[in-house]
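Peer 1: Quick one: this structure, given as structure tokens, is what I'll be asking you about.
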Amino acid sequence: MLQNIRVVLVGTSHPGNIGGAARAMKNMGLSRLVLVDPAHFPHDDANARASGANDILENARVVGTLEEALVGANLVMGTSARDRKIPWPLLDPREAGAMTVEHAGQGEEIALVFGREYAGLTNEELQRCHYHVHIPSNPDFSSLNLAAAVQVLSYETRMAWLAADGQATKVMKYETTSPRSTELVAMDDMEKFYEHLQSTLVDIGFLDPEKPRHLMARLRRFYGRSEISRSEMSILRGILTETQKVAHGEPYKRKDQ
Ligand code: SAH
């Protein structure tokens, strides 16, 4: 699906930005780069900034006009750093990502078009686009570096693609000590814990059984919010046991002695 998406850079002056854009694309799983009349390409600065995404540069298509770059494209998104005079259907990058993935998923060809570092896209070029996409940046400093803008759009495209594909967006890390250590404590164990906690609080004089002042209810509410795992519960129970030993006059012994 991502192979249906092409990134089009129009009239790029700095070859370093082409390399930066290639890297941003490859990080997000995009691979098709089209360059419209770049000032310098191929160029060492492009290779240097691509750092590992050189295959995207090698396979980049260089054309003379935006029209040529858009041949075969069914949906064209033109990015712009500022408001233009002519009102046009406008999307934010998240909406653009969702629409891009929806159409790419139907086998359509999508083009994400980016403008010149100093002048952006011309009005004529913008009018060739179905939608305009504006990254909602600081209005007093709205223009992102070209490769950074490519990164934002590529990232939103990837997030939409991962969601559409049912893939996780985060790497879950579990405690490795025991496969069951992250399992939540069962209610009956919670009840044993509350009994243990209550008797400990009485032992140390924190809870007066004559005047309980809803203390246990408050503690239940607090621990209930905490999603306590089995390994965390054994720590809490251990603390209570040691606390009771001290409260009952057993000599205090540091664990490391
Ligand atoms: N002075 C130019 C800035 C161009 S920045 C102008 O005012 O248009 C180079 C390219 O990066 C832009 O053409 C656009 O493709 C992209 N870009 C930079 N900032 C952006 C933003 N806030 N939203 C969308 N695209 C942006």
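Peer 1: Please verify whether region 154-165 includes one or more residues that are closer than 21 Å to Leu75 by Cα, within 11 Å of the ligand (Cβ to nearest atom) and at pLDDT 95 or above.
Peer 2: no
Peer 1: Under the condition of being near the ligand (Cβ under 7 Å from one of its atoms) and within 18 Å of Ala96 (Cα to Cα), which residue from region 130-142 is nearest to the chain's Cα centre (by Cα)?
Peer 2: Here the answer is Ile135.
Peer 1: Here's a follow-up. Before we move on, is Ala21 within 16 Å of the ligand (Cβ to nearest atom), small (Gly, Ala, Ser), within 15 Å of Val150 (Cα to Cα) and buried (at least 18 other Cβ atoms within 10 Å of the Cβ)?
Peer 2: Values: within 16 Å of the ligand (Cβ to nearest atom): yes; small (Gly, Ala, Ser): yes; within 15 Å of Val150 (Cα to Cα): yes; buried (at least 18 other Cβ atoms within 10 Å of the Cβ): yes.
In short, yes.
Peer 1: I want to confirm something. Restricting to region 52-110 and keeping residues that are β-branched (Val, Ile, Thr) and more than 16 Å from the ligand (Cβ to nearest atom), which single residue is surrounded by the most Cβ atoms within 10 Å (Cβ to Cβ)?
Peer 2: Val101
Peer 1: I'm trying to understand the selection: among the residues of region 119-129, which are part of a helix (DSSP H, G or I) and either within 10 Å of the ligand (Cβ to nearest atom) or not assigned by TED's automatic domain parsing to the domain that holds Ser80 (or both)?
Peer 2: Glu125, Leu126 - these are the residues of region 119-129 that are part of a helix (DSSP H, G or I) and either within 10 Å of the ligand (Cβ to nearest atom) or not assigned by TED's automatic domain parsing to the domain that holds Ser80 (or both).
Peer 1: Inspect region 199-207 for any residue being in contact with a helix residue (DSSP H, G or I) (Cβ under 8 Å, 6 or more places away or on another chain) and modelled with pLDDT under 90 and give the result as yes or no.
Peer 2: No, because not a single residue in region 199-207 is in contact with a helix residue (DSSP H, G or I) (Cβ under 8 Å, 6 or more places away or on another chain) and modelled with pLDDT under 90.
The values are calculated or read from the model by the stated rules, or taken from the named source; none is laboratory data. Source: prediction; values computed, not measured. Here Cβ is always computed from backbone atoms with ideal geometry, including for glycine, and neighbour counts include all displayed protein chains.
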